[in-house]
Structures are given as C-alpha cells and as structure tokens.
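Visitor: Mind having a look at this structure? Questions to follow.
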Amino acid sequence: MEILDGKKISNDIKSEIKAEVDKMKERGEKVPHLAAVIVGSDGASLTYVGSKVRSCERVGFESTLVQMPSTTSEQELLKKIEELNQDDNIDGFIVQLPLPDQIDTQKVIMAVHPDKDVDGFHPMNFGKMALDMSTFIPATPFGILELLERYKVDTKGKHTVVIGRSHIVGRPMSILMGRKGWPGNSTVTLTHSQTKNITQITSQADIIISALGVPNFLKAEMVKDDAVVIDVGITRVPDESRPRGYYLTGDVDFENVSKKASYITPVPGGVGPMTIAMLLKNTLLARERHRSRS
Ligand code: GUN
C-alpha cells in the first residue's frame with residue numbers, strides 16, 4: 001500500500017507556482033490576485049477560506065478576504081460579486097459554499113464572471129469542462145486528477161466508482177474520469193443516496209472516490225484487494241479531549257481499508273491540501289488569461 005501524500009504534492013505544486021510568480025516579479029509584471037468571499041461564520045468554512053488566503057501569501061499572490069455577516073441578503077452579495085467582477089485588480093475570486101438559506105446559490109454561481117470563476121462552478125465553465133474545452137476545473141476534482149497523475153496511477157479501462165453526486169466533487173469527478181486522456185478513460189459508475197446495493201458496486205471498483213461526508217462509510221468489506229481509494233470526506237467529529245474540541249475524519253475506515261488498498265489518501269493530508277493548491281493553479285491561469293486579454 002502506498003499513501004497518496006496530498007500534503008507533499010501540494011507543497012511541490014506551491015513551490016512550482018511560487019517559482020512562476022518570482023519570474024513574473026522579475027519581469028515587473030503584476031502578480032495574481034485572488035479574492036475569497038465568505039458569508040457567515042461557519043467554523044469549517046472560515047478555516048478553509050483562511051488557509052486559501054494564507055496559501056496565496058506563501059506563493060507570492062495578492063489576496064483579499066471579504067467577510068460578510070450571516071444576515072447578508074442575496075442582493076448585497078450579488079452587489080459585492082459585481083464589484084469583484086468589475087475590479088481589474090482582481091484576477092479571480094471564489095464565494096465559499098455553503099451559503100446561508102436566504103441566498104440562492106445558483107444565482108450566486110451564475111453571477112460570477114466566467115473569466116474570474118476560479119472555482120469552475122459557472123455553467124459556462126462546467127459545460128466547457130464536460131466538452132473537454134480548456135477552462136477552470138473545480139479545484140477538488142482537479143486535485144484528485146493531479147494526485148493520480150503524479151503517482152502515475154493507471155486509470156485507463158479501470159472501473160471507477162464515485163460515491164456522491166455533489167456539484168463540487170462527485171458530478172465533475174464522474175465526468176473527468178470518463179473523458180479521453182489520462183487520468184481518465186475509466187468506466188465510471190456514479191453512486192448516490194438512491195443507489196441500491198452499493199457494496200456490490202464498490203466491491204467491483206478498481207478506483208473508489210468517496211465524496212459523501214459520512215465518517216467511516218467505506219468499510220474494508222466494500223473494497224476489493226488492490227483498489228485505489230480516494231477519500232474526499234472531511235467531517236469534524238466533536239471530541240473534548242482534543243485541543244480544538246474536534247478531530248477530522250474521512251469517509252473511509254482507513255485502518256482497515258488501507259490494508260487492502262494499493263493506493264489510499266489519508267485524512268487529513270490527502271485531498272484537502274490538493275484542493276487549495278489547484279485553486280492557486282487556477283488563479284495563476286486566470287492571471288495569465290487576464291494579461292493576454294488586456
Ligand atoms: N465549499 C467546499 N468546497 C468548496 C470549494 O471548492 N469552493 C467553494 N467556493 N466552496 C466550497
């Protein structure tokens with residue numbers, strides 16, 4: 001069994017991005033600028049956005065954090081998005097999800113200008129992704145592809161089972177793993193809450209990508225020998241004995257599944273850090289495209 005070390009690979013990617021930014025600075029060019037909008041004070045979302053912004057500093061990007069209260073109206077958020085769309089100093093931005101109930105997430109996703117949509121959530125970018133056109137690929141699926149590539153995991157003709165059909169991970173992942181090329185060329189099964197007899201399906205999988213958010217969902221008896229197991233779940237489990245009052249756990253019963261798997265991602269230190277690295281990569285791409293337009 002080999003660990004797919006997202007922490008290490010994400011650090012490699014950040015170093016590569018920093019080298020690019022250093023070259024931009026030497027040439028006297030503007031460096032990439034990412035803005036992140038967060039509405040409300042959900043602890044996990046604040047942590048994610050905080051590390052996105054800190055990572056920008058590490059690679060030499062400019063960053064702007066926009067914090068809005070949980071009572072923010074849809075109109076106020078759409079106004080802020082329009083400001084960011086118009087701000088020529090900002091190359092790309094994200095609106096952290098989930099949003100409070102009074103805000104229609106679809107309207108928000110549609111409001112972000114596709115050229116600045118470094119999350120790749122806008123229908124124009126999602127459609128381009130599905131059609132194999134050059135675009136921003138959502139950071140978590142993009143990070144999983146990058147991990148598979150850097151560890152030279154063979155995906156051609158393999159049966160990939162994706163668990164969960166979220167717009168952020170499961171749905172795009174199922175499209176990307178089935179597309180021509182590598183990583184890709186898999187035969188993909190997308191499973192979800194209405195899937196019957198999921199164990200029968202997962203136990204035939206060569207590659208399992210679990211993005212469910214249910215701790216210890218994937219047990220050893222659901223996995224065949226030598227499967228590749230990617231764990232996207234990150235759930236905070238309350239635990240007063242920990243300094244933070246919780247610990248993080250994935251969808252996979254790591255202790256037992258890792259004994260059968262050929263490759264497996266840990267939680268934390270697997271997919272999570274890759275998501276941030278690929279957001280930075282998309283922001284670099286946004287800067288390059290912005291520059292060539294102006
Ligand atoms: N919430 C969970 N993952 C993501 C992500 O990749 N982007 C945004 N904007 N929100 C998220």
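The values are calculated or read from the model by the stated rules, or taken from the named source; none is laboratory data. Not measured: the values here are computed from a predicted model. In this analysis, Cβ positions are derived from the backbone assuming ideal geometry, glycine residues included, and neighbour counts consider all displayed protein chains. Quick note on the areas: whole protein, heavy atoms, side chains included, nothing else; ligands and nucleic acids left out. Shrake-Rupley method; radii C 1.70, N 1.55, O 1.52, S 1.80 Å.
Visitor: Go through the residues of region 130-144 one by one and say whether even a single one is over 21 Å from residue 2 (Cα atoms), within 15 Å of the ligand (Cβ to nearest atom) and of a type in the set (Asp, Glu).
Guide: No.
Visitor: Let me ask something else. Does residue 190 satisfy the criteria of being within 24 Å of residue 125 (Cα to Cα), more than 16 Å from the ligand (Cβ to nearest atom) and open to solvent by 40 Å² or more (accessible area, probe 1.4 Å)?
Guide: Values: within 24 Å of residue 125 (Cα to Cα): yes; more than 16 Å from the ligand (Cβ to nearest atom): yes; open to solvent by 40 Å² or more (accessible area, probe 1.4 Å): yes.
In short, yes.
Visitor: Take region 112-125 and flag every residue that is touching a residue at least 24 places away in the same chain (Cβ under 8 Å) and away from the ligand (no atom under 13 Å from the Cβ). Quick ask: steps written out before the conclusion?
Guide: Looking only at region 112-125, we keep the residues that are touching a residue at least 24 places away in the same chain (Cβ under 8 Å), and these are 112-113, 115-121.
Those that are touching a residue at least 24 places away in the same chain (Cβ under 8 Å) and away from the ligand (no atom under 13 Å from the Cβ): 113, 115.
Visitor: Identify, from the list 77, 65, the residue that is within 14 Å of the ligand (Cβ to nearest atom) and either touching a residue at least 60 places away in the same chain (Cβ under 8 Å) or assigned to a helix (DSSP H, G or I) (or both). Don't jump to the end; show me each part of the working.
Guide: Details: 65 fails: either touching a residue at least 60 places away in the same chain (Cβ under 8 Å) or assigned to a helix (DSSP H, G or I) (or both).
Just one listed residue meets the conditions, 77.
Visitor: If the Cβ limit is 8 Å and pairs must be 6+ apart or interchain, which residue in region 80-99 that is closer than 22 Å to residue 45 by Cβ and in a loop (DSSP other than H, G, I, E, B) pairs with which residue that is among the aromatic types (Phe, Trp, Tyr) and within 16 Å of the ligand (Cβ to nearest atom)?
Guide: Pairs found: 96/48.
Visitor: From the set of residues in region 1-39 that are small (Gly, Ala, Ser) and touching a helix residue (DSSP H, G or I) at 6+ places or on another chain (Cβ under 6 Å), which is farthest from residue 207 (Cα to Cα)? Steps first, please.
Guide: To start, the set of residues in region 1-39 that are small (Gly, Ala, Ser) comprises 6, 10, 15, 19, 28, 35-36.
Of the ones still in play, those that are also touching a helix residue (DSSP H, G or I) at 6+ places or on another chain (Cβ under 6 Å) are 6, 10, 35-36.
Working: 6: 17, 10: 21, 35: 35, 36: 33 Å.
Residue satisfying both the conditions and the ranking: 35.
Visitor: Then there's this: Look through 14, 23, 30, 18 and report the one residue that is open to solvent by 20 Å² or more (accessible area, probe 1.4 Å), among the charged types (D, E, K, R) and under 17 Å from the mean Cα position of the chain (by Cα). Reasoning before the result, please.
Guide: On the way: 23 fails: under 17 Å from the mean Cα position of the chain (by Cα); 30 fails: under 17 Å from the mean Cα position of the chain (by Cα); 18 fails: under 17 Å from the mean Cα position of the chain (by Cα).
None of the others qualify; the one that does is 14.
Visitor: Further, regarding this structure: Assess whether residue 269 counts as being on the phi > 0 side of the Ramachandran plot and open to solvent by less than 20 Å² (accessible area, probe 1.4 Å). Give the steps one after another, and end with the answer.
Guide: Details: on the phi > 0 side of the Ramachandran plot: yes; open to solvent by less than 20 Å² (accessible area, probe 1.4 Å): yes.
Spelling it out, residue 269 is indeed on the phi > 0 side of the Ramachandran plot and open to solvent by less than 20 Å² (accessible area, probe 1.4 Å).
Condition check ((1) open to solvent by 50 Å² or more (accessible area, probe 1.4 Å); (2) touching a helix residue (DSSP H, G or I) at 6+ places or on another chain (Cβ under 7 Å); (3) charged (D, E, K, R); (4) away from the ligand (no atom under 16 Å from the Cβ)) across all residues:
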{"position": "242", "(1), (2), (3), (4)": "yes, no, yes, yes"}
{"position": "247", "(1), (2), (3), (4)": "yes, no, no, yes"}
{"position": "256", "(1), (2), (3), (4)": "yes, yes, no, yes"}
{"position": "262", "(1), (2), (3), (4)": "no, no, no, yes"}
{"position": "288", "(1), (2), (3), (4)": "yes, no, yes, yes"}
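Visitor: Moving to a separate point now. Among (1) within 10 Å of the ligand (Cβ to nearest atom); (2) more than 18 Å from residue 63 (Cβ to Cβ), which single condition is residue 95 missing?
Guide: (2)
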